Amino acid sequence: MPPLRRSRASKVVGGVCGGLGRHFDLDPVIFRVVVGVLSVTGGVGLIFYGFAWLLLPLAGEEENEGRRLLTGRVSGASLAAVLLALVGCGVFLSMLRSGSILGFALTSTLAVCGAAVWSQRRRTASGEDELRRDVAAAIAVAEAPPETKAPPLVEFPSWWKDPIVKDGSTGKIAIGYLWGPHGVVDADGRVNGEVPKPGRQWGPDGSAVERPAPSIRRTPYSIGGLVHLFACLAAVLGTALTWETEPLGQSLQTGLVAALAVFGLGLVVSSFLGRTGFGTVFQTVSTALLLAVAVALPQRITTEWVRETWQPATVSAVRADYEVGTGVGTLDLSRLAVPAGTVVGTRVNVGAGKVEVIVPKDAVVKLRAEVGLGDLQLPGQPPDDIDIAPDRDETRTLTPPAGTAPAGTLDLSLEVGLGQVEVIRAAS
């Protein structure tokens, strides 16, 4: 089985799908279609392709793009792989709550992995590897270059310097090769009485060849510090300009997008001028994750902390909605007289902070509380029993204490994105 490498011949973007097709003996189009579908539906395809581009070396090479990136040798290929992975992470986090999309992505991935394993086992069982090795060995033997031989000697009869052989007769004398070095060659293979030096029979002396002086490679200037500095300034400036006019999530998104743009520009510049290291890549990934968290923040969370207290005196004065962006919202219904058989409904919504509702002693309370991340305190629970949990949604009916005649009904809907919901029963 050929090693898992990115393909040079069958390459559309980075050669990942071509290398997978060659390794698992499948058509690369199968991998391209699946990666494309997973990229659009949940971002998993982009994440896989980006990290595979970084970790798999190109065919004929031993070093991958990830190692070059960690050593500060940022190239266009490594930059493209990082950007693909970051975009895929952003799309994946934005669709994290969609169970159907994630289920489809998981099913498609398992199907492709099963097809790859089946193809690998089928090829191993058929014995194609042995056949290919035998054919390759036969081709190598047939195409082997001929053995190098010395040129023929030039022999002429000599009328004044005939050599004497064992039987006393004279013969021809070799005066040199037909091509190559010139001179008289004796019986011991000496040319002009000297032993030929290696490399001089078929060309000039290797020691006489002029070699260029070794060039001094200068280490590129590191721009990582400047990139971090400008990214921090861009984040602070973008957040400060929108702090008073936009919600908290939108303001944080503006600052983080500005910082991410600086990091991306720094990676592009480092591929042509200077270098940057692992710190820049880590900060880029961290900024992208923080941006995904900022996108998930509710838009009703504001940047100003306020305290609001509402005390309706009559049933008709109770509003349908009470809202606070960030802060503490207190709805005091302790002095509200709710006639028997009457239902009074209201809704209290706080983006981040605390919702506090004080209900009358004799009222029946139908409560529905939704907490994105935080704590829920109900009457009868210890005040120090704080249990912080995500996605809390509870529906309860709170009856008056024993010995108290029940009055009307309060229908309360309490919502807080990040914080605490507390319901208190008035003492009298």
### Query
How much solvent-accessible surface does residue 269 expose, in Å² to the nearest 10, with a 1.4 Å probe and all protein chains in place?
60 Å²
#### Entry: Virtual spin-label span in nm between residue 285 and residue 71, 7 Å along Cα→Cβ
1.9 nm
### Task
Mind checking the full-extension length gain between residue 250 and residue 393? Use 0.36 nm per residue of separation minus the Cα-Cα distance, one decimal, nm.
48.9 nm
### Query
Rounded to the nearest 10 Å², what accessible area does residue 230 show when all protein chains are kept and the probe is 1.4 Å?
110 Å²
#### Entry: Using θ = phi - 60° and Karplus 6.51 cos²θ - 1.76 cosθ + 1.60, couplings along the stretch 342-350 (whole Hz; Gly, Pro as x)
9, 10, 10, x, 7, 9, 10, 10, 10
## Note on the structure
With the 8 Å Cα cutoff and a minimum separation of six or more residues, the stretch 273-428 has a relative contact order in percent of 25 percent
### Task
May I ask you to rank 310, 305, 243 by accessible area, largest first, using a 1.4 Å probe over the protein chains only?
305, 243, 310
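How large is the Kirkwood hydrodynamic radius of the stretch 284-392, in angstrom, based on all distinct alpha carbon pairs?
16.1 Å
Rank these residues by their accessible area, most exposed first, probe 1.4 Å: 87, 355. Show your work: numbers first, answer last.
Details: 87 85, 355 0 Å².
The residues order as 87, 355, largest area first.
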### Task
Amide H neighbours of residue 420 under 5 Å, at least 5 residues apart or on other chains, H built in the peptide plane: list them.
353, 354, 355, 375
### Message
Output wanted: per-residue J couplings in Hz (rounded whole) for the stretch 308-324, from phi through Karplus 6.51 cos²θ - 1.76 cosθ + 1.60, θ = phi - 60°, x for Gly and Pro.
### Response
10, 10, 10, 10, x, 8, 10, 5, 5, 7, 6, 7, 7, 9, 10, 10, 9
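If you count, for each residue, the other Cβ atoms within 10 Å and average over each peptide, how do 251-257, 51-57, 4-10 line up from highest to lowest? Don't skip to the answer; put the middle values down first.
Numbers: 251-257: 21.7, 51-57: 19.9, 4-10: 17.0.
Result, highest mean first: 251-257, 51-57, 4-10.
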### Spin-label pair residue 381/residue 299, simplified geometry with 7 Å Cα→Cβ offset, distance in nm
3.1 nm
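If I take R0 = 60 Å and measure r between the Cβ atoms of residue 240 and residue 405 in this structure, what FRET efficiency does the formula 1/(1 + (r/R0)^6) give, to the nearest 0.05?
In this case the efficiency is close to 0.55.
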#### Entry: For residue 300, residues with placed amide H under 5 Å, excluding near neighbours
none
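Which length gain, in nm to one decimal place, applies between residue 257 and residue 62 when the Cα-Cα distance is subtracted from 0.36 nm times their residue separation?
Values: separation 195, 0.36 × 195 = 70.20 nm, distance 3.57 nm.
Result: 66.6 nm gained on full extension.
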### Message
So if each residue of separation counts as 0.36 nm, and I subtract the Cα-Cα distance between residue 337 and residue 323, what length gain in nm does that give?
### Response
2.7 nm
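Considering Cα pairs under 8 angstrom that are at least six residues apart, work out the relative contact order of the stretch 1-93 and quote it in whole percent.
27 percent
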### Label zone at residue 80, where the point sits 7 Å out along the Cα-to-Cβ direction: the stretch 5-32 residues whose backbone N lies under 11 Å
11-16
### Per residue value of the accessible surface for the stretch 344-416 (all protein chains in place, 1.4 Å probe), Å²
46 Å²
### Summary
Burial-style ranking of 281-293, 335-347, 14-26, average other-beta-carbon count within 10 Å with highest first, yields 14-26, 281-293, 335-347
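The values are calculated or read from the model by the stated rules, or taken from the named source; none is laboratory data. Predicted, not measured: the structure shown is a model, and the values here were computed from it. Note: ideal-geometry Cβ built from the backbone for every residue, glycine included; neighbour counts use all protein chains shown. The area values use the complete protein model at the heavy-atom level, side chains included, leaving out ligands, DNA and RNA. Shrake-Rupley method; radii C 1.70, N 1.55, O 1.52, S 1.80 Å.
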